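Have a look at the structure below, then the notes.
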Amino acid sequence: MVAEQGYRSYRWKKNLKVLFWPKAALSGYQGMNNYDSWFGENFYNDNFHCGIPHEEILRNIKCKTIFMKAQTNISENGILMAALSEDDLKKVSELISDCNIVHFDCGHGIHIEKPKEFIKCVVKLK
């Protein structure tokens with residue numbers, strides 16, 4: 001632990017690197033040096049969304065849109081462990097006039113877990 005503290009003391013601006021950890025595991029720590037814990041707390045308790053007119057914002061999107069949807073996971077306690085449910089996705093598709101939905105068999109980090117498929121979707125927007 002002392003060696004790690006010494007290493008981080010002069011590399012605090014850089015992303016964490018542990019040579020024997022898989023890249024996928026390290027990706028979860030990228031940007032943590034700048035992470036604001038209040039953001040996470042407000043996202044968790046849903047204050048993050050207070051006052052944001054989501055329906056109005058989505059309805060006003062007029063360009064061709066690809067919505068990338070990861071797996072919907074619901075915990076044993078009935079808590080949604082994803083960005084949105086399938087019902088939410090249906091509403092999004094109704095609000096955005098030109099919306100193509102692409103489902104991914106992975107978790108929230110589509111760009112990390114399925115990078116080739118992610119890039120194919122983005123390229124299709126051209």
Per the rule of 0.36 nm per residue minus the C-alpha distance, extending LYS62 to LEU80 adds in nm 3.6 nm
Expressed in square angstrom to the nearest 10, the accessible area of ILE79 with a 1.4 Å probe stands at 90
Between the modelled labels at GLU41 and ASP88 (7 Å from Cα along Cα→Cβ) the distance in nm is 2.2
Among (1) 35; (2) 24; (3) 44, the value of percent of Cα pairs over 25 Å apart computed for this structure carries the label (3)
Karplus-derived 3J(HN,Hα) from phi for the range 20-32 (6.51 cos²θ - 1.76 cosθ + 1.60, θ = phi - 60°), whole Hz, x at Gly and Pro, runs 8, 8, x, 4, 4, 5, 5, 4, x, 9, 4, x, 5
The answer for the chain, accessible area per residue at 1.4 Å probe in Å², is 81
Sorted list, accessible surface of protein heavy atoms, 1.4 Å probe, largest first, for LYS124, LYS90 is LYS124, LYS90
To the nearest 20 debye, the chain has a Cα-centred charge dipole, built from +1 on Lys and Arg Cβ and -1 on Asp and Glu Cβ, of 960
Heavy-atom accessible area of GLU55, protein chains in place, probe 1.4 angstrom, given in Å² to nearest 10, is 80
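The values are calculated or read from the model by the stated rules, or taken from the named source; none is laboratory data. All values derive from a computational prediction rather than experimental measurement. Because the Cβ atoms are built from the backbone with ideal geometry, glycine has one as well, and the counts that use them run over all protein chains shown. When the accessible area is computed, the model is the full protein with side chains, heavy atoms only, and any ligands, DNA or RNA have been set aside. Shrake-Rupley method; radii C 1.70, N 1.55, O 1.52, S 1.80 Å.
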